Amino acid sequence: MATEGLDEDRLRRLIEVGRALVQQLDLEALLTQIADVAREVTGARYAAIGVLDDVRAELERFLARGIDVETRARIGDLPRGHGILGLLIRDPRPLRLHDLREHPRSYGFPPHHPPMRSFLGVPIVVRGRAWGNLYLTDKRDGDFDAADEEAAVILADWAAVAIDNAGRFEQQRLRDTLAAAEQERRRWARELHDETLQGLGGLQMLLSSALRRSEPEQVERAIRAAVGEIGTEIEKLRTLITELRPAALDELGLQPALESLADRVAAVEGVVVETDVALEGAAGEAGRLSPALETALYRLVQEALTNVVKHAHAERVEVAVRARDGRVELTVRDDGRGFDPEAPRGGFGLIGMQERVVLAGGSLEVRSAPGAGTTVHAILRADGPRSGGYAPADGGAPTPLP
Ligand SMILES: Nc1ncnc2c1ncn2[C@@H]1O[C@H](COP(=O)(O)OP(=O)(O)O)[C@@H](O)[C@H]1O
Ligand SMILES: [Mg+2]
């Protein structure tokens, strides 16, 4: 690769930036970072990344940096990729212009658009497929030169690797989520098979044999036994249904639902479960959190307790949920045998918890060591996940060169 135009500082900066980019797994943040670095290394006042739609005819998304939020709002619709931006879509090769308004393909700018003169555009090609374009405009001193173009091309290459990487990561997360859901279904199928189906089979045998009896006392005894059996089965089924979706969670709220979950675990597993729930700091009118947040917290506690019962051999578990400063903090701490959280594992429980917390806009930490018990700690936003969508241009100054 010829690098004669690029001075050593910029080259070093590009290499260093590449490392950071490929570690960024959040596409939104990644694109923002790329645009900002592109401004920094080329001296462009504005940078934007346009993402092509599936048929690569138009821009599906457009992320601009260097324009403040008010200006951006006044301009209105985002560019779709006509005019100059369309040139790069039809012919994905670097394009440098002294004045984009003078180009025959120029449509001119919409009202309130800041004036832009010099232009440099390079395609972002991900695995041989045009993915989008990086656009730079209005170099602070003069026109974009060959070295700027080279820097932008290198950056677009880095971007392609990082975008591919982030995409794969996203796919893996999706696969994990699906696998976790499948495992959950398998568990219920097993439970229904082992408990309910077996119970009903037993009942059927009991009643069939009663049919063959002639002595009224024998028939009566068999029916009494069957009625008792049915009572037990109803109880088991009720427990199963409660685990699937506790009515208390919908009707009474998180605190009673957690307390009854803790009581069930304590009664069935013979472990001491302490609950400490304080939601005043975030609960709404009726003392309730949002249904999504209540469900997330309940499922997190349920999964954590399942793990304690299954793996920890603990004597005591503490479940604490506290709301304050717009956040809800959850801690499940056991005094069991612990494990090495860094070691690779096969289960989906912890992955599912992580996924749930991310979806709720929070963070999860599992602290444990062999012999030292386990603490699951989650922090969730009380107002739910931040709305998605594109980061607005913020007009921030480019980060200075090191
Ligand atoms: N509270 C705990 N105490 C001890 N070990 C635990 C605890 N929670 C999780 N683990 C360990 O982490 C592993 C992964 O847990 P998880 O993802 O829920 O999968 P699974 O429960 O299906 O094995 C468990 O197999 C166990 O070795
Ligand atoms: Mg588990």
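So how far apart, in nm, are the two label points at D250 and A343 if each is 7 Å from Cα heading toward Cβ?
4.1
Can you give the FRET efficiency to the nearest 0.05 for D7 and E58, using r as the Cβ-Cβ distance and R₀ = 41 Å?
Details: r = 37 Å, r/R0 = 0.90.
In this case the efficiency is close to 0.65.
Taking the Cα of L200, stepping 7 Å toward and past its beta carbon, and measuring to each backbone N in segment 227-267: which are under 20 Å?
In segment 227-267, the label zone of L200 (backbone N under 20 Å from the point 7 Å along Cα→Cβ) covers 227-245.
Quick one: 3J(HN,Hα) in Hz for segment 293-304, Karplus 6.51/-1.76/1.60 with θ = phi - 60°, rounded, Gly and Pro as x.
5, 4, 4, 4, 5, 4, 5, 4, 5, 4, 5, 5
Could you tell me which of T177, I223, A160 has its Cα farthest along the dipole of segment 154-239 towards the positive end, charges placed at Cβ (Lys, Arg +1; Asp, Glu -1), taken about the Cα centre?
It is I223.
Given the Cα-Cα distance of A179 and D145 and 0.36 nm per residue of separation, how much length would full extension add, in nm?
Here the segment from A179 to D145 would lengthen by 7.2 nm.
In whole angstrom, and with the biggest value first, how far do the Cα coordinates of segment 61-155 range along each principal axis?
Here the spans come out as 36, 29, 26 Å, largest first.
For the chain, what is the calculated [θ] at 222 nm in deg cm²/dmol (nearest 500), taking -39500 (n - 2.57) for each run of four or more DSSP H residues and dividing by its residue count? Display every interim value, and only then the final one.
Values: 11 runs with 186 residues, N = 402.
Per the formula, -15500 deg cm²/dmol.
Rounding to the nearest 20 debye, state how big the charge dipole of segment 247-383 is about its Cα centre with +1 on each Lys and Arg Cβ and -1 on each Asp and Glu Cβ.
Details: 14 positive and 22 negative charges, 67 e Å.
Charge dipole of segment 247-383: 320 debye, to the nearest 20.
Taking the Cα atoms of segment 8-173, report the difference between the largest and smallest coordinate on each principal axis, in whole Å and largest first.
Extents along the principal axes, in whole Å: 43, 38, 32.
P(r) of segment 143-286 in 5 Å steps, Cα pairs, percent per bin?
Here the calculated profile for segment 143-286 is 2, 7, 9, 9, 10, 10, 10, 8, 7, 6, 5, 5, 4, 3, 2, 1, 1, 1, 1, 0, 0, 0.
For T232 and Q218 in the same chain, what is the full-extension length gain: residue separation times 0.36 nm, less their Cα-Cα distance, in nm? Walk me through the numbers before you get to the answer.
On the way: separation 14, 0.36 × 14 = 5.04 nm, distance 2.14 nm.
Contour length minus the Cα-Cα distance gives 2.9 nm.
In a shell of Cβ-Cβ distance under 9 Å around G326, excluding G326 itself, what net charge do Lys and Arg (+1) and Asp and Glu (-1) give? Present the calculation step by step, with values, prior to reporting the outcome.
On the way: positive: R324, R327, R381; negative: D325, D383.
Net local charge, G326 excluded: +1.
If only Cα atoms are counted, what is the Rg of segment 214-290, and what is its Dmax, in Å?
Reported Rg and Dmax, both Å: 19.5, 68.
Assign unit charges at the C-beta atoms only (+1 for Lys and Arg, -1 for Asp and Glu), then state the dipole size of the chain relative to its Cα centre in Debye, rounded to the nearest 20. Walk me through the intermediate numbers first.
Details: 51 positive and 65 negative charges, 158 e Å.
Roughly 760 debye for the chain.
Which value, in Å to one decimal place, does the Kirkwood hydrodynamic radius take for the chain when every pair of different Cα atoms is included?
26.0
Per residue, what volume in Å³ does the Cα convex hull of segment 247-383 take up?
Details: hull volume 13.3 nm³, N = 137.
Each residue corresponds to 97 Å³ of Cα convex hull volume.
Throughout, read-outs are computed from the coordinates displayed, never taken from laboratory work. What you are looking at is a predicted structure, and each value in this text was computed from that prediction instead of being measured. All Cβ positions, glycine included, derive from the backbone under ideal geometry; neighbour counts span all protein chains shown.
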